[in-house]
Amino acid sequence: MVSLSRGAFLKAAAATAAAGLLAGCSTGSKDASDSSASASTEPYTIKHAFGETKFDAVPQKIAIVQNWQNPDAVLALGVVPAGTPVVAWGGNENQSTPWFDKKLEELGGKQPVRYDETDGPNYEELAKLEPDAIFCPYGDMSQEIYDKLKGIAPVVPAPEGVGSWAASWQQTVEMAGKMLKKEDEAKKLIEDTEAKLREKGAEYENLQGATFLSGAFDTEKNTFGAYTSQDTRPRFFSMIGMEQASYMKDKEKDSKAFFLDISAEVIDSVEADAVWAWVNAEGDIEKVKSNDLFAQMPAMKHDAVVFEADKTAGLALSAASPLSLVWAVEETPILENMSKAVENTKKAS
């Protein structure tokens, strides 16, 4: 098994899925004083992975780095970011997402300024915004990047002890709550979201305790890149009542990677009641199914692989947030499809 860093994975995904999309700016956010809570006049300090950040007042103009999790956490707490990265893979005509736009409409806000982050933080565009804070708990962060961002505005990165790409959506919401002085609202948002996911999952009795794998098939390397329990997708499936396949539980024990490659030579021994696999295009599904090695996977034999070719639906689980996950269980057939996959496995047993 071979592990790959999330940074390398995302750059590869961006190269294949977002090559033709240009960055751009829309009309900008609502006036910051309209889109956030009344500013506190009491100074406060947020502890994080790179030390501490002090605020003299609640920031009113917030810029986002990394479009996974971060913008949704701020918006879900009722604050419209002044700027946020372009959503290329899985994005819509607004260079945004349907769940972000839905919440934005509820708040009566305008689309934030959008900037390209294909090569990492867009320091030039961030500086132009002149933000009061830069919010980025989830994503790629080093001391060098942190120091550059700190030169533009106070930075809120990952919590203490949490590395790059490792913050859960709950931790991201908690950091947003601390920055906005909305700790109680953040706690309730997390509790309500988790309750909604458990409730929707419980509607499908056969999902409770069923085993799963989630990842992607690589027809060139003949491997299945399976996400570990550190990743957002397994966290989602666990939240709705499923359990990570025993093969992954065993193999991921000593790994800090967010996914592990399972060789096609051993895939016939990897049992799971259902497998969720994203693909870049519908045509890729047939390529996987026609692969003689992948055909040996028990879930493939049982017609228990759920292929996700809809990039927006795939992004909803990948860029997990209170907004995207609720959208996924309410607006997509993900739970129904996984339930059918589990049913097919049980029938084949």
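Would you check if there is a residue in the range 103-120 being of a type in the set (G, A, S), outside any strand (DSSP E or B) and within 12 Å of V65 (Cα to Cα)? Checking the range 103-120: at least one residue is of a type in the set (G, A, S), outside any strand (DSSP E or B) and within 12 Å of V65 (Cα to Cα). Filtering the range 157-193 to residues that are open to solvent by 40 Å² or more (accessible area, probe 1.4 Å), out of contact with any Lys or Arg (no Cβ under 6 Å at 6 or more places or on another chain) and either of a type in the set (D, E) or more than 21 Å from Y227 (Cβ to Cβ) (or both) leaves G161, E174, K178, K181, E183, D184, E185, K187, K188, E191, D192. Filtered by the rule that a residue be open to solvent by 50 Å² or more (accessible area, probe 1.4 Å), under 23 Å from E331 (Cα atoms) and out of contact with any helix residue (DSSP H, G or I) (no Cβ under 9 Å at 6 or more places or on another chain), the range 99-134 gives E105, E106.
Scanning the range 295-349 for residues being small (G, A, S), part of a helix (DSSP H, G or I) and under 16 Å from F236 (Cα atoms) gives a total of 7. Does S339 count as open to solvent by 10 Å² or more (accessible area, probe 1.4 Å) and modelled with pLDDT under 95? No; evaluated as a whole, the condition is false for this residue.
The sole residue among S269, S238 that is over 16 Å from the mean Cα position of the chain (by Cα), open to solvent by 40 Å² or more (accessible area, probe 1.4 Å) and without any contact (Cβ under 8 Å) to a residue 40 or more places away in the chain is S269.
Here D310 passes the criteria (1) within 30 Å of L77 (Cβ to Cβ); (2) of a type outside the set (A, V, I, L, M, F, W, C); (3) open to solvent by 10 Å² or more (accessible area, probe 1.4 Å); (4) touching a helix residue (DSSP H, G or I) at 6+ places or on another chain (Cβ under 6 Å) except the one numbered (4).
The values are calculated or read from the model by the stated rules, or taken from the named source; none is laboratory data. Small disclaimer: the values here were computed from a predicted structure and weren't measured. Every residue, glycine among them, receives a Cβ derived from its backbone with ideal geometry; neighbour counts consider all protein chains shown. Ligands, DNA and RNA are stripped out before the accessible areas are found, and what is left, the full protein with its side chains, is counted by its heavy atoms. Shrake-Rupley method; radii C 1.70, N 1.55, O 1.52, S 1.80 Å.
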